[in-house]
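Okay, structure first, notes after.
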Amino acid sequence: INPRGDGKWLKFDDDVVSKCTRKEAIDNNFGGSDDNLAIRNCTSAYMLCYIRDSCISEVLQDVPHDSIPLSVVRRIQDEKQIEAMRRKERSEAHLYLTIEIFTNDDLQMNHGPELIDLDEVKGRSFRMLKSMTFDDLHSHLASAMGFSKNQIRIWPFERRSNHTTRPGNCDTPQKTITEIAESKTSWRLYVETIVPDLDTQELPPFDFQTQVLFFIKYYDPFSKTLSFVGHLIESISQKFASLFPKLCSMACLPEDTPLTIFEEVTPNRVERINSDTEISQLEEVRDG
């Protein structure tokens, strides 16, 4: 446009406004044709406004601020605020880390090997300061999820040497996010929560030395389906047979149903577990 009729043209390209020549504004805005291969203009004016010479000063006069509709003023102010926020986010991006959280509801979506496919299942995302301590993150996530702090427990996902992804423990609450997540560009966490239907007021304390976190899947030999049914935290001094009543309940089976249990060692390999084996006697007892 030539807003003052003085031959000085401005080019509007979405949200970018720049000066341009008369040739760029007029001659280069009529597209081209197949007959004239020498001209390859790619733009065409979609609005032409003609002003009578005698009316130029009247039409192109300055617009008083009080004559601009209030809705337009507010819209422009909002757009400026949004753009300022975006610039601030871009300039401070290196200070933040994207954190993605997953709960049992997300794990239930997986009906195959592994605990969860983090490339397919999208959790709830948060943008957090890298300088925040793990303890402060704990409080923030609890509040955002509608729980008190003692009703959730956070387990960072780890990629292990056997090509599995499992939650690991974090018992250093005063370390910062960047110290724990190290060089990760995003950080994925499993969040254990109380079960609201059980009227549980808080999660019991977890002893990283004497307890272990299990995730339980149920394979139905009749329907040939594999389903995630929940998690257990148990003492490593117990025998697997002592867990059978709980496992049957989780799978909605009669309490005396005979069970055969397996450990998913890798995404492609499971190993049968003797029910009389003590949990601590497994070759490698690790959470997950």
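For the reader, a short list of remarks on this structure follows.
- Those lysines that a straight Cα-Cα span of less than 24 Å connects to LYS149, excepting residues fewer than 8 apart in one chain: LYS122, LYS130, LYS175
- Ratio of the Cα radius of gyration of the chain to 2.2 N^0.38 Å, where N counts its residues: 1.67
- Summarising the amide proton neighbourhood of LEU189: residues at separation of 5 or more, or on other chains, whose placed amide H is nearer than 5 Å comprise GLU100, ILE101, PHE102, PHE157.
- Annotation: average projected area of region 70-111 is 5.7 square nanometres, based on the convex hull of Cα atoms across all directions.
- With respect to the chain, whose longest principal axis is taken over its alpha-carbon atoms, helix 134-145 is tilted by about 80°.
- The residues of the chain have, on average, 70 Å² of accessible surface per residue, using a 1.4 Å probe with all protein chains present.
- Where labels lie 7 Å past Cα in the beta-carbon direction, separation of SER186 and GLU158 in nm: 2.2 nm
- For region 89-158, the Cβ-based charge dipole about the Cα centre amounts to some 340 debye (Lys, Arg positive; Asp, Glu negative; other atoms uncharged).
- Amide hydrogen proximity for GLU234: with H placed 1.01 Å from N in the peptide plane, the residues at 5 or more positions away or on another chain lying under 5 Å are VAL212, PHE214.
- Extreme residue, positive dipole direction of the chain, given options PRO69, GLY146, VAL195 (C-beta unit charges): PRO69
- Most positive-pole-ward Cα, LEU118, TRP9, SER161, against dipole of the chain from beta carbon charges: TRP9
- Stretched out straight at 0.36 nm per residue, the stretch from LYS88 to ILE261 would grow longer than its current Cα-Cα span by 56.9 nm.
- Here r is the Cβ-Cβ distance between SER237 and VAL121 and R0 is 41 Å; the resulting FRET efficiency, rounded to 0.05, is 0.75.
- Dipole orientation for the chain: of the candidates ILE261, SER275, ILE82, ILE82 has the Cα lying most toward the positive pole (charges on Cβ; Lys, Arg +1; Asp, Glu -1).
- Fraction of the pair-distance distribution of region 135-288 above 23 Å, Cα-Cα pairs, percent: 45 percent
- Against the chain, whose longest principal axis comes from its Cα atoms, helix 70-91 is set at around 50 degrees.
- Charging the Cβ of each Asp and Glu at -1 and of each Lys and Arg at +1, and nothing else, the dipole of the chain about its Cα centre rounds to 1100 debye.
- Region 171-261 - Debye-derived log10 I(q)/I(0), Cα point model, q = 0.14, 0.25 Å⁻¹: -0.73, -1.38
- Of all the options GLN174, GLN61, GLN77, the one that moves most in a Gaussian network model of the chain with Cα springs shorter than 10 angstrom is GLN61.
- Gyration tensor verdict on region 1-155 (Cα atoms; rounded if a/c is under 1.5, prolate if a/b is larger than b/c, oblate otherwise): prolate
- Take the Cβ atoms of SER143 and GLU278, set R0 to 41 Å, and the FRET efficiency comes out at 0.55.
- ASP135 versus LYS175: modelled label distance in nm, points set 7 Å from Cα along the beta carbon direction: 1.5 nm
The values are calculated or read from the model by the stated rules, or taken from the named source; none is laboratory data. Predicted model only: the values in this text are computed from it and were never measured. Virtual Cβ from ideal backbone geometry, glycine too; neighbours counted across all protein chains shown. The area values use the complete protein model at the heavy-atom level, side chains included, leaving out ligands, DNA and RNA. Shrake-Rupley method; radii C 1.70, N 1.55, O 1.52, S 1.80 Å.
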